[in-house]
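Novice: Okay, handing you the structure first.
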Amino acid sequence: MSNELLWVTFALVNFTLFLLVYKFFGRLGIFVWIVLATILANIQVTKLIFLFGLEANLGNIMYGTIFLGTDVLNEIYGKNQAKKAVFIGFAVMIITVIIMTIAINFNPHPEDWAQGSLVTIFGFMPRILLASLSAFIVSQFIDVYVFDKIKTKLPENRFLWVRNNVSTIISQAIDTSIFVPIAFYGLVSNEILLGLMLSTYAIKVIVALLDTPFIYLAKKIKPNEE
């Protein structure tokens, strides 16, 4: 299967699982999803792939579901719940890097086979954490703010796609301009770095457009807990 077809499938799987978690667990499920997505996105982002002829990292879909989650919270439960989710995601990043930094410093057993892989992934996380924390806190609060402002001006359900896409596209541009240089500068050539910025943002925009039907579906779902 090509990367492109697998990527589209992966996106649909992520969005579908998000809706299922929301259906079965409601608002709490969205908070849990954001915790999960925050951890997995920061692991997946270390993997570089070719996608539509461009260099890209793998974490964009999972990371994009965090914006979907905060937008659903903002739309259904209000701005304060969306901001709470941002703080939860921010705290999870810090907790994960502290725990895993200590974990990889244990001396492994002579027959251990996992240490090298753990160091490769989580040893990179302090730098990823700095990039993620900076980008996450700024872009997420901008996303919440812009979504809420558009909702105030255009509250009708038919404009949901406007507030979802505009808020995400603006905040993802800021997120990309902060994250990619901090995470990858000096590790790849400047040409690849620029390519990563452009491809990462382009892919994030595609993810934002793809998630639009799912935010409408989320509004139609009546969670089991409610």
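Just so you know, all these numbers are worked out from the coordinates, no wet-lab data involved. None of the values given here were measured: they were computed from a predicted structure. Cβ sites come from the backbone with ideal geometry, for glycine too, and all protein chains shown count toward neighbours.
Novice: Listing 210, 160 from the residue with the fewest other Cβ atoms within 10 Å to the one with the most, what is the order?
Specialist: With the sparsest Cβ surroundings first, the list reads 210, 160.
Novice: Also, I was wondering about something else. In whole Hz, with x marking every Gly and Pro, tabulate ³J(HN,Hα) for the range 72-87 from phi via Karplus 6.51 cos²θ - 1.76 cosθ + 1.60, θ = phi - 60°.
Specialist: Working through the residues one at a time gives 5, 4, 5, 5, 9, 10, x, 4, 5, 5, 5, 5, 4, 5, 4, 5 Hz.
Novice: Let me ask something else about it. With only Lys, Arg, Asp and Glu charged, each at its Cβ (+1 for the first two, -1 for the last two), find how big the charge dipole of the range 53-129 is about the Cα centre; round to the nearest 20 debye.
Specialist: It comes to approximately 380 debye.
Novice: With only Lys, Arg, Asp and Glu charged, each at its Cβ (+1 for the first two, -1 for the last two), find how big the charge dipole of the chain is about the Cα centre; round to the nearest 20 debye.
Specialist: Magnitude of the dipole: close to 820 debye.
Novice: Also: Any of 153/219; 79/149; 84/220; 23/153; 84/204; 47/204 with alpha carbons more than 21 Å apart? Name them for me.
Specialist: Correct reply: 84/220; 23/153; 84/204.
Novice: Just subtract the alpha-carbon distance of residue 16 and residue 189 from 0.36 nm times their residue separation and send over the number in nm, one decimal.
Specialist: Gain on extension, residue 16 to residue 189, equals 58.6 nm.
Novice: Sorted from fewest to most neighbouring beta carbons within 10 Å, what does the list 22, 201 look like?
Specialist: 201, 22
Novice: Roughly how compact is the range 1-105, stated as its Cα Rg over 2.2 N^0.38 Å to two decimals?
Specialist: Normalised by 2.2 N^0.38 Å, the Cα Rg of the range 1-105 equals 1.16.
Novice: Across bins of 10 angstrom width beginning at 0, how are the C-alpha pair distances of the range 99-173 distributed, in whole percent?
Specialist: 18, 28, 18, 17, 14, 5, 1
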